[in-house]
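The values are calculated or read from the model by the stated rules, or taken from the named source; none is laboratory data. Just so it is clear, the structure is predicted and the values come from calculations on it, not from any experiment. Positions of Cβ are generated from backbone atoms using ideal geometry, with glycine treated the same way; all protein chains shown enter the neighbour counts. When the accessible area is computed, the model is the full protein with side chains, heavy atoms only, and any ligands, DNA or RNA have been set aside. Shrake-Rupley method; radii C 1.70, N 1.55, O 1.52, S 1.80 Å.
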Amino acid sequence: MRAGQPERAARPEWAAQSVRNDTVAAVVRQWQTVRPDLDTGPMEIIGRVNRCAALLQQAEDAPLRRAGLSRAEFDLLGALRRTGHELTPGELARETFSSGAAVTKRLKQLTERGLVDRRVDTRDRRVAHLRLTDAGRDLVDGIMPEQLVYESAVLSALDDGRQGELADLLGELLSRLEGHMRALRV
């Protein structure tokens with residue numbers, strides 16, 4: 001190594017095991033060229049998770065766009081469908097990781113479209129209870145099978161064993177992140 005040149009950062013063994021040719025690998029190579037002292041290992045995971053999420057969302061949103069829904073609106077409808085009971089706007093915000101203001105705005109649109117029904121609490125008129133209308137339930141039930149077929153096709157690039165490994169690893173990461181983030185909010 002020449003004087004004045006930064007020392008090359010040690011890369012995790014898993015990162016050095018194979019040469020990858022995806023877009024994140026190109027970004028990592030560029031960083032290694034200009035800053036060989038940086039450990040780009042975390043970027044190889046976080047960057048790929050983010051890139052996969054972006055690509056998947058672009059394609060899987062097609063059925064939603066055809067139905068005239070945004071991803072966020074479908075998340076609200078899906079939460080109402082999968083829980084199987086009425087929810088308050090606050091409960092919906094927690095279920096969908098959304099702000100209360102965003103939920104209120106989306107619910108207004110979904111109610112106007114006849115997909116969600118709002119019932120005022122008899123004991124406390126400030127509280128609303130929300131449920132899917134028949135049209136809302138039919139819409140969710142119609143889109144979900146199409147979503148799952150699409151997701152199965154995407155994942156078919158990995159055999160069942162690899163899919164299971166990936167699900168386990170992502171589940172472990174998500175569980176730890178959720179616990180960590182909860183601890184930070186306290």
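Membrane-span-like helices of the chain, defined as complete DSSP H segments with a Cα extent of 27 Å or more along the helix axis and a mean Kyte hydropathy of at least -1.0, are identified as 41-66, 134-155, 160-185. Per-residue extension of 0.36 nm, minus the Cα-Cα distance of ASP134 and ALA59, leaves a gain of 24.3 nm for this segment. Placing +1 on the Cβ of every Lys and Arg and -1 on the Cβ of every Asp and Glu, with no other charges, gives the chain a dipole of roughly 820 debye about its Cα centre. With unit charges on the beta carbon (Lys/Arg positive, Asp/Glu negative), name the residue among LEU76, GLY47, LEU174 whose Cα is farthest towards the positive pole of the charge dipole of the chain. Of LEU76, GLY47, LEU174, it is LEU76.
Applying a 10 Å radius around every beta-carbon, put 42-54, 129-141 in order of their mean neighbour count, most first.
Numbers: 42-54: 13.7, 129-141: 16.9.
The most tightly packed comes first, giving 129-141, 42-54.
Summarise the accessible area of the chain (1.4 Å probe, protein heavy atoms) by the percent that is carbon and sulfur.
Working: 7180 of 12830 Å².
The nonpolar share, carbon plus sulfur, comes to 56 percent.
The candidate values were (1) 76, 40, 27; (2) 61, 47, 31; (3) 41, 39, 31; the one computed from these coordinates for Cα extents along the principal axes in Å carries the label (1). Note on ARG66 and VAL154: their simple-model spin labels are 1.6 nm apart, each label 7 Å out from Cα toward Cβ.
The residues of the chain expose on average 69 square angstrom of accessible surface per residue, using a 1.4 Å probe on protein heavy atoms.
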